Amino acid sequence: MPRLVVISNRVAVPKARGVAGAQGGLAGALNSALKANGGIWFGWSGQETDKFTGSVNYVRSAEGVTTATIDLEKQDIDEYYNGYANSTLWPLFHYRIDLARYEREFAKGYERVNERIAESVLPLIEPDDQVWVHDYHMLPLAERLRSMGIKNRIGFFLHTPWPPTNLFVSLPYHERLVRAMLHYDLLGFQNNTWLESFLHYCGKELGAQVDHETGAITFEGRTTYARAYPIGIDFDFFTSKGDTGEARQAQQRLLSSTRRRTAMIGVDRLDYSKGLPERLDGISRFFDRYPERVRDLVFIQIAPPSREDIGSYQDIRATLEQKAGQINGARSDVDVVPVRYVNKGYSQEEIFGFYRAAKIGLVTPLRDGMNLVAKEYIAAQDPEDPGVLILSRFAGAAQQLDCDGEGALLINPHSSDDLAHNIAKALDMPLEERKMRHQNQLKSVREENIERWTDNFVSDLASLAS
């Protein structure tokens with residue numbers, strides 16, 4: 001295999017793993033691919049500099065993987081990262097055009113930073129390298145690299161959903177952005193829904209020739225391939241966490257605190273796409289409908305803060321605190337608090353233990369590219385006494401974990417009634433049904449792991465003619 005150059009907004013290192021392991025799994029997989037093939041992981045350092053110089057900072061890990069990072073100016077961070085990436089594209093790609101901010105300066109900053117990234121990484125790319133770019137921060141990067149003479153195979157993977165055409169066209173200069181994306185050789189999406197949305201746009205709005213069987217998009221004499229590559233977790237790495245003392249202590253800690261009530265857990269980054277206010281509305285509906293079950297169930301929501309400089313994220317935190325307080329105010333007793341809202345992060349070992357102790361996993365995003373928390377919850381369960389996963393049908397993971405109606409309980413996250421009904425169903429589900437559903441989901445989670453995802457994408461990219 002040729003050497004690999006990975007480019008992403010932020011460069012992850014193996015020990016800097018996310019609250020629920022998802023970022024850690026991706027970091028581990030990409031580090032493994034880089035270790036196997038040789039290469040570099042390039043991106044923004046996360047640091048601010050007074051003046052952009054393009055100076056690259058190199059670090060070589062003990063495993064032989066080289067990371068290369070650049071610092072950005074405050075204006076770049078405000079316009080490219082907080083602005084266009086997270087205040088324009090992120091809400092739009094999650095179908096929230098009501099929250100999307102269309103600011104000319106944001107778009108200029110986005111293009112400027114992509115140009116700067118291209119200029120900085122250009123000297124690091126050797127003629128036979130494969131280049132793999134990640135996520136919505138760098139949609140136009142291939143076009144910039146091509147304009148600088150790069151002829152290498154360049155692939156791109158989108159970790160978020162891709163919106164339907166009638167929403168995407170609300171973006172100013174949407175054609176320009178997709179035209180830039182068609183300078184990649186291979187475009188990867190999380191599932192067939194997002195893939196079909198992209199192919200539909202290319203055919204309808206650009207007039208490109210689209211082959212839905214092969215994913216080939218031919219436009220202005222160039223062919224790009226678009227395919228679905230459902231991302232998975234690092235199954236062996238994550239399940240090994242269950243053998244640690246920290247995981248066992250976390251499991252026991254949660255079990256002892258619930259006082260024989262069933263624990264139901266949600267683990268989500270604090271983000272409006274995760275459907276957290278709607279989730280609490282559904283739990284409130286459950287307790288309204290079954291007031292006697294307040295002593296049967298305790299809900300633990302772990303929601304570490306994210307992007308705290310953006311106003312919509314500050315609003316959702318305030319909303320969650322208010323809704324959790326209202327439920328507890330109406331339903332608490334001296335020895336019962338039905339909702340625990342925890343605004344902090346935990347280690348992977350602790351998260352594994354919490355998952356294992358919880359007999360219901362609640363994963364109800366309004367829209368999600370994949371959602372690896374759902375897969376981690378399944379991986380952490382005891383096969384002899386597994387919990388039940390309640391999953392939004394609008395999460396990318398639903399296509400794999402539905403298991404023809406014999407896997408996760410799929411719900412409409414906008415419907416409080418639907419969620420309340422399925423919480424009751426999960427609470428009362430017999431052991432044999434829980435075991436059958438878990439076994440079906442576990443097979444998918446184990447086999448469709450992150451190593452397979454990495455190998456499939458890199459192999460397909462290598463097979464394409466440059």
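Here's the yes/no breakdown for (1) under 28 Å from the mean Cα position of the chain (by Cα); (2) touching a residue at least 60 places away in the same chain (Cβ under 8 Å):
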{"position": "Ala250", "(1), (2)": "yes, yes"}
{"position": "Leu255", "(1), (2)": "no, yes"}
{"position": "Val267", "(1), (2)": "yes, yes"}
{"position": "Leu270", "(1), (2)": "yes, yes"}
{"position": "Leu280", "(1), (2)": "yes, no"}
{"position": "Val294", "(1), (2)": "no, no"}
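Could you identify the single residue in Asp243, Asp234 that is more than 30 Å from Asp315 (Cβ to Cβ) and either crowded, with 21+ Cβ neighbours inside 10 Å or aromatic (Phe, Trp, Tyr) (or both)? Being more than 30 Å from Asp315 (Cβ to Cβ) and either crowded, with 21+ Cβ neighbours inside 10 Å or aromatic (Phe, Trp, Tyr) (or both) holds for just one of Asp243, Asp234, which is Asp234. Mind counting the residues in the stretch 300-316 that are at pLDDT 65 or above and either polar (S, T, N, Q) or on the phi > 0 side of the Ramachandran plot (or both)? The qualifying residues number 4. Among residues of the stretch 319-348 that are of a type in the set (Phe, Trp, Tyr), those with a beta-carbon under 6 Å from a residue that is surrounded by 18 or more Cβ atoms within 10 Å (Cβ to Cβ) at least six positions away or on a different chain give the pairs Tyr341/Gln301; Tyr341/Ala324.
The condition (being more than 20 Å from the chain's Cα centre (by Cα), crowded, with 18+ Cβ neighbours inside 10 Å and not aromatic (Phe, Trp, Tyr)) is satisfied by just one residue among Lys274, Lys323: Lys323. Checked against (1) within 16 Å of Glu278 (Cα to Cα); (2) open to solvent by 20 Å² or more (accessible area, probe 1.4 Å), Val373 meets all criteria but (1). The set of residues in the stretch 165-197 being without any contact (Cβ under 8 Å) to a residue 60 or more places away in the chain and either surrounded by fewer than 16 Cβ atoms within 10 Å (Cβ to Cβ) or under 14 Å from Leu89 (Cβ atoms) (or both) consists of Asn166, Val169, His174, Glu175, Arg176, Leu177, Val178, Ala180, Met181. Modelled with pLDDT under 95 and in contact with a Phe, Trp or Tyr (Cβ under 8 Å, 6 or more places away or on another chain): is that true of Thr88 in this structure? For Thr88, the condition - modelled with pLDDT under 95 and in contact with a Phe, Trp or Tyr (Cβ under 8 Å, 6 or more places away or on another chain) - is not met. Within the stretch 406-425, residues that are surrounded by 18 or more Cβ atoms within 10 Å (Cβ to Cβ) have Cβ atoms under 6 Å from residues that are small (Gly, Ala, Ser) and part of a loop (DSSP other than H, G, I, E, B) in these pairs: Pro413/Gly275, counting only partners at least 6 apart in sequence or on another chain. Residues that are surrounded by fewer than 22 Cβ atoms within 10 Å (Cβ to Cβ) and among the small types (Gly, Ala, Ser) within the stretch 100-113 comprise Ala100, Ala107, listed in sequence order.
Can you spot a residue in the stretch 450-464 that is in contact (Cβ under 8 Å) with a residue 12 or more places away in the chain and more than 17 Å from Trp132 (Cβ to Cβ)? Looking for residues that are in contact (Cβ under 8 Å) with a residue 12 or more places away in the chain and more than 17 Å from Trp132 (Cβ to Cβ), one finds none in the stretch 450-464, hence no.
Arg367: charged (D, E, K, R), open to solvent by 20 Å² or more (accessible area, probe 1.4 Å) and out of contact with any helix residue (DSSP H, G or I) (no Cβ under 9 Å at 6 or more places or on another chain), yes or no? I'd like the intermediate steps shown before the answer.
Numbers: charged (D, E, K, R): yes; open to solvent by 20 Å² or more (accessible area, probe 1.4 Å): yes; out of contact with any helix residue (DSSP H, G or I) (no Cβ under 9 Å at 6 or more places or on another chain): no.
Criteria not met by Arg367.
Residues in the stretch 70-99 that are surrounded by fewer than 20 Cβ atoms within 10 Å (Cβ to Cβ) and not in a helix (DSSP H, G or I): Glu73, Tyr95, Arg96, Ile97, Asp98, Leu99. Among the residues of the stretch 43-58, the ones that are assigned to a strand (DSSP E or B) and touching a residue at least 12 places away in the same chain (Cβ under 8 Å) come to 8 in all.
The values are calculated or read from the model by the stated rules, or taken from the named source; none is laboratory data. If you're wondering where the values come from, they're calculated on a predicted model, not measured in any experiment. Virtual Cβ from ideal backbone geometry, glycine too; neighbours counted across all protein chains shown. For accessibility, only protein heavy atoms count, side chains too; no ligands or nucleic acids. Shrake-Rupley method; radii C 1.70, N 1.55, O 1.52, S 1.80 Å.
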